[in-house]
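**Student:** Please find one structure pasted underneath; my questions will follow.
The values are calculated or read from the model by the stated rules, or taken from the named source; none is laboratory data. The shown structure was predicted, so the numbers you read here are calculated from the model rather than taken from an experiment. So basically every Cβ, Gly included, is an ideal-geometry build from the backbone, and we count neighbours across all protein chains shown.
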Amino acid sequence: MEVSGIVVEWLLAAMCVAAAAVPANGQTVFPGADWQEVSPDSQGVDSAKLKAAVAWLDANFGPQGAQELVVIRNGRLIWKSAQSGAYHNIWSSTKNFTSTALGLMVADRKCTLDDLAVNHLPALAERDPAYSKIKLRHLASMSSGYRGELVNVTREQPWGEPLFYLNPVAPFFEPGTKVQYQDHQVFVLGAIVTQLAGESLKALFARRIANPIGMTQWDWGVSGKLKGIDLNNAAGTPTTPGIQTNALQLARFGLLYLNRGEWNGKQLLPASFVDQATANQVAGAGASAFLHGRYGFYWWTNDVRPDGTRPWPSAPPKAYTSHGNGSNFCFVVPEWNMVVVRTGTIPFGSATQRPNRQDLAWDGFFARVGEALGRVRSSP
């Protein structure tokens, strides 16, 4: 039987895609005290092309480049930059630890994502009727419209004192109608989860997540007390430290999410929660336009935005990341069975340019990683 050249080309292309999607050295492994370091080639990644991708990121990502970069494929360490053990604050990437704590409360059936926040913080309803409609999922997706009190704002400290964020003032908008990047609502969620857990977010995360996944080098700053319990900095607001860790440690957190909450045979976080947390939650209009169509439970996603484009066209559609000031990222790429962590202490560009410029930098990197995996490059 004759097979046309077009069919042969299609079959070869399909085989290449399938080969890149399947672990090159068996099933995913989980690290012990240290990551298993192997060559990129052993995991189906062209070493020279991966090196070129890292070099491109280093040259195009601004200050600190790829100095603190880690790449995990199939649970194995295939790239580690010289400064990947640098320990520091990861700022707003802290938010993803807070939403993870919410997932633990959902797993324990102490709440649901559709619980009304007012049932946990009754004072919300006393300020404005709109606040009685806020669900926990709204707080976790920056779509609550909540606004707290700003106290002791100075030029050096424009964020005010975080504990006052828990005092509601007039809302920005009706819950669930828009998405707006604003830390106040994250502190409200942190306070609710702390109450539900009966312990600090740090204690909860350490016991249920960090210890089981071997995340040993980390800390979580405290913003104050809530009914005698430490209230950790839920949002990574620059008033006190949020999560402090390094790229190698943060990659363990990414690997947990890559495996939909499962770690070496044990389900630490519900897979259904991970699926929701890492997919866009609100279409949005107005407010924070840079989040439209691409924001889950504090995870930045690669979903289709209102203009029909994806933030990183060269990355697979299901890719997502945490995002913190200082250019701190923990990318999870399910289709490639990969985690990419880039941490740093210096912001990338100005506040007005940062989201778009960083998207372009990452897209160029992913285009080159795609080449290393044997895929056709889809964007310059």
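**Student:** List the helices (runs of 4 or more DSSP H) that sit entirely inside segment 171-282 and contain at least 3 residues that are surrounded by fewer than 17 Cβ atoms within 10 Å (Cβ to Cβ).
**Tutor:** Values: elements: 184-197, 201-205, 247-258, 271-277.
Those helices (runs of 4 or more DSSP H) span 271-277.
**Student:** Based on what the data block shows, is Tyr181 among the aromatic types (Phe, Trp, Tyr) and without any contact (Cβ under 8 Å) to a residue 40 or more places away in the chain?
**Tutor:** Values: among the aromatic types (Phe, Trp, Tyr): yes; without any contact (Cβ under 8 Å) to a residue 40 or more places away in the chain: no.
Considered against the rule, which asks whether it is among the aromatic types (Phe, Trp, Tyr) and without any contact (Cβ under 8 Å) to a residue 40 or more places away in the chain, Tyr181 comes out as no.
**Student:** Would you tally the residues in segment 181-213 being within 19 Å of the chain's Cα centre (by Cα) and more than 16 Å from Thr94 (Cα to Cα)?
**Tutor:** So the answer is 2.
**Student:** Further, regarding this structure: Of all the residues that make up segment 295-331, how many are in contact with a strand residue (DSSP E or B) (Cβ under 9 Å, 6 or more places away or on another chain) and at pLDDT below 95?
**Tutor:** Final tally of qualifying residues: 3.
**Student:** Give Lys95, Lys133 a once-over and let me know the one that is out of contact with any Leu (no Cβ under 7 Å at 6 or more places or on another chain), among the basic types (Lys, Arg) and surrounded by fewer than 24 Cβ atoms within 10 Å (Cβ to Cβ). Please lay out each step first, then the result.
**Tutor:** Details: Lys95 fails: surrounded by fewer than 24 Cβ atoms within 10 Å (Cβ to Cβ).
Unique residue meeting the criteria: Lys133.
**Student:** In segment 63-157, which helices (runs of 4 or more DSSP H) lie fully inside it and hold 1 or more residues that are at pLDDT 95 or above?
**Tutor:** Values: elements: 95-107, 123-127, 136-140.
Output list reads 95-107, 136-140.
**Student:** So which residues in segment 168-196 are of a type in the set (S, T, N, Q) and in contact with a strand residue (DSSP E or B) (Cβ under 6 Å, 6 or more places away or on another chain), if there are any at all?
**Tutor:** Here is the first cut: in segment 168-196, the residues of a type in the set (S, T, N, Q) are 177, 180, 182, 185, 194-195.
Residue satisfying the conditions is Thr194 alone.
**Student:** Would you tally the residues in segment 48-79 being of a type outside the set (A, V, I, L, M) and touching a strand residue (DSSP E or B) at 6+ places or on another chain (Cβ under 6 Å)?
**Tutor:** As a first pass, look at segment 48-79 and keep what is of a type outside the set (A, V, I, L, M): 49, 51, 56, 58, 60-65, 67-68, 73-76, 79.
Okay, now just the ones that are also touching a strand residue (DSSP E or B) at 6+ places or on another chain (Cβ under 6 Å), so 73, 79.
Matching residues across segment 48-79 total 2.
**Student:** Taking the options Gly85, Gly103, Gly160, Gly148, name whichever one is surrounded by fewer than 16 Cβ atoms within 10 Å (Cβ to Cβ) and in contact with a Leu (Cβ under 8 Å, 6 or more places away or on another chain). Full working, then the answer.
**Tutor:** On the way: Gly103 fails: surrounded by fewer than 16 Cβ atoms within 10 Å (Cβ to Cβ); Gly160 fails: surrounded by fewer than 16 Cβ atoms within 10 Å (Cβ to Cβ); Gly148 fails: surrounded by fewer than 16 Cβ atoms within 10 Å (Cβ to Cβ).
After ruling out the rest, the residue left standing is Gly85.
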